[in-house]
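Here the structure is laid out as structure tokens; the discussion comes afterwards.
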Amino acid sequence: MARPDNLPHIGLVGDTYTITVTGEDTAGRFCVIDMHIPPGGGPPPHRHDFEETFILLEGEMEATFRGRKLTARAGDTLNIPANAPHQFHNASAEPVRMLCICSPAGQEKFFMEVGVPVATRTTPPPKLDEKEQAAFIEKVKALAPKYRTELLREA
């Protein structure tokens with residue numbers, strides 16, 4: 001059983017990701033990440049060689065999938081096949097909460113390596129100055145291939 005008080009909460013790109021099920025828990029088959037995306041949040045365009053499923057629990061977000069922009073709302077589920085270019089962005093004034101299931105597992109390790117630990121599921125990561133932001137981007141670029149992820153210019 002996963003309980004929020006003993007889970008890793010990771011601050012990343014302005015969002016907070018809570019790892020609820022790791023690959024170690026599932027023999028590498030999948031991981032589950034509880035994502036808190038504040039207004040303006042979301043990752044840049046990317047793709048990876050594993051599937052991702054997003055289940056929106058609260059709020060509304062824009063998702064770009066293979067060049068097509070969609071609006072997803074609470075109750076919607078998005079499935080992203082392996083290697084499909086995608087991104088999501090919270091363009092609303094309210095936070096988004098969604099579950100992300102990655103299959104096979106491994107994405108949770110990427111988030112833990114590039115992100116920073118924060119106190120709770122909704123604690124924002126520390127603000128980065130220009131120099132820190134540049135160093136973070138270089139770290140993500142360097143580690144992305146290790147975790148089968150490619151950053152893109154467009155989704």
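The values are calculated or read from the model by the stated rules, or taken from the named source; none is laboratory data. Source: prediction; values computed, not measured. Neighbour counts run over all protein chains shown; Cβ positions are idealised from the backbone, glycine included.
What to note about this one:
- Filtered residues of the range 3-26 (kept if part of a loop (DSSP other than H, G, I, E, B), modelled with pLDDT of 90 or more and aliphatic (A, V, I, L, M)): 7
- Pairs meeting the criteria (first residue in the range 62-73 and closer than 13 Å to residue 42 by Cα, second residue β-branched (Val, Ile, Thr) and assigned to a strand (DSSP E or B), beta carbons under 8 Å, at least 6 apart or on different chains) are 62/71; 63/71.
- Residues that are of a type in the set (A, V, I, L, M) and either on the phi > 0 side of the Ramachandran plot or assigned to a helix (DSSP H, G or I) (or both), drawn from the range 130-155: 134, 135, 137, 140, 142, 143, 144
- Pick from the range 96-109, criterion surrounded by fewer than 20 Cβ atoms within 10 Å (Cβ to Cβ) and within 14 Å of the chain's Cα centre (by Cα), ranking: modelled with the lowest pLDDT: 109
- So residue 123, is it assigned to a loop (DSSP other than H, G, I, E, B), of a type in the set (Ser, Thr, Tyr) and surrounded by fewer than 17 Cβ atoms within 10 Å (Cβ to Cβ): yes
- Contacts under 6 angstrom Cβ, first residue in the range 1-13 being under 13 Å from residue 118 (Cβ atoms) and touching a residue at least 60 places away in the same chain (Cβ under 8 Å), partner surrounded by fewer than 18 Cβ atoms within 10 Å (Cβ to Cβ) and basic (Lys, Arg), 6 or more apart: 4/121; 9/121
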